Amino acid sequence: MVKVIFLLLTFLTNIAYGEIIDYIAAVVNDEPVLYSEVVEFARESGITDLRLARDKLIEKKILLLEAKKEGIEISPQELERAFKGFLEETGIKDLKGINADLLKQRLKEQLIITKLIARKVKSKIRVSDPEVEKYCRSVEKKVRDVYYIKLKDKSKLKLVLENLKTKPFEEVAKKFSEEKTFHLGLVERGSLFKELDDAVWNAKIGVPKVVETKKGIFVVFVKSEKVKTCNREEVRKKLFSEKLDKALKDYIEKLKQKASVKVYL
């Protein structure tokens, strides 16, 4: 419904193109597509390239003709409900200056196409649990909660290590670290410069580890480790959407190959 609303809002807010000298721009399965239709479609859709608008309109015509073959219809009750819902969602209260009949016709066409896609494309798409798990395995990563103390040289290192035997790491870091920020947060492997990264991922959980680098001496402390998980329901929606986009393109392409289309624009 959101896409429908966007298209119809574009239709409502664009200004007219001026006087049009009409002629046949294309013929789809023996049905003419007038130049004026292309211009109107371009205006409603916010498309500046008329040839692109023509191609999109041809796709729309093909889908509507296919829906007609499938016997797909929108009842007056369905249209009125959809029209009312559209007005509520868009906040339109005054129809003054709006061609309500034309608006309803555009809405009806979108609803018909939506029904066709639901029947012929969307209903056939499945996202299996193994597909979701495979995707999650590819993005799930271990992360470590890392704190550190940075020193210029070894002069204070022994004192720091002695303090760490009896005091919390954060307390010692506040006192001795040369950097005010001493909490790196959740770190993925490979996100730090190599020497520090190696130290972080070779350190034992809860045990300070000293590493000398060109940037100074670091005492790193890994507080915990966990797996950064993915939201499986969101992943399922993402995979479904990707499959739907591909399947819809393939479906439209097949219909176009079967259709008789002659272009004159």
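Some values worked out for this structure:
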{"read-out": "Test: residue in the range 247-262 that is surrounded by 15 or more Cβ atoms within 10 Å (Cβ to Cβ) and more than 25 Å from A26 (Cβ to Cβ)", "value": "yes"}
{"read-out": "Of all residues making up the range 130-162, the number that are assigned to a helix (DSSP H, G or I) and not aliphatic (A, V, I, L, M)", "value": "13"}
{"read-out": "Contacts under 6 angstrom Cβ, first residue in the range 223-237 being under 26 Å from P168 (Cα atoms), partner part of a loop (DSSP other than H, G, I, E, B) and of a type outside the set (A, V, I, L, M), 6 or more apart", "value": "V227/E140"}
{"read-out": "Failed item, numbered, when L265 is tested on (1) farther than 25 Å from E140 by Cα; (2) assigned to a helix (DSSP H, G or I)", "value": "(2)"}
{"read-out": "Close pairs (8 angstrom Cβ cut-off, 6 or more residues apart or separate chains): over 10 Å from A25 (Cα atoms) and free of Cβ contacts under 8 Å to residues at least 60 places away in the same chain in the range 37-60, among the polar types (S, T, N, Q) and in a helix (DSSP H, G or I) anywhere", "value": "S45/T10; G46/T10; A53/S45; K56/S45"}
{"read-out": "Hits in the range 115-129 (condition: open to solvent by 90 Å² or more (accessible area, probe 1.4 Å) and either in a loop (DSSP other than H, G, I, E, B) or among the basic types (K, R) (or both))", "value": "R119, K122, K124, R126"}
{"read-out": "Of residues in the range 184-209 being of a type in the set (A, V, I, L, M, F, W, C) and in contact with a helix residue (DSSP H, G or I) (Cβ under 7 Å, 6 or more places away or on another chain), the one most open to solvent (accessible area, probe 1.4 Å)", "value": "L192"}
{"read-out": "Wholly within the range 178-240, strands (runs of 3 or more DSSP E) carrying at least 2 residues that are more than 35 Å from the chain's Cα centre (by Cα) and more than 19 Å from R137 (Cα to Cα)", "value": "209-213, 216-228"}
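The values are calculated or read from the model by the stated rules, or taken from the named source; none is laboratory data. Keep in mind that what you see is a predicted model, and the values were worked out from it rather than measured. For neighbour counting, all protein chains shown are included, and Cβ atoms are generated from backbone atoms with ideal geometry for every residue, glycine included. What goes into the accessible areas is simple: the full protein's heavy atoms, side chains included, and nothing from ligands, DNA or RNA. Shrake-Rupley method; radii C 1.70, N 1.55, O 1.52, S 1.80 Å.
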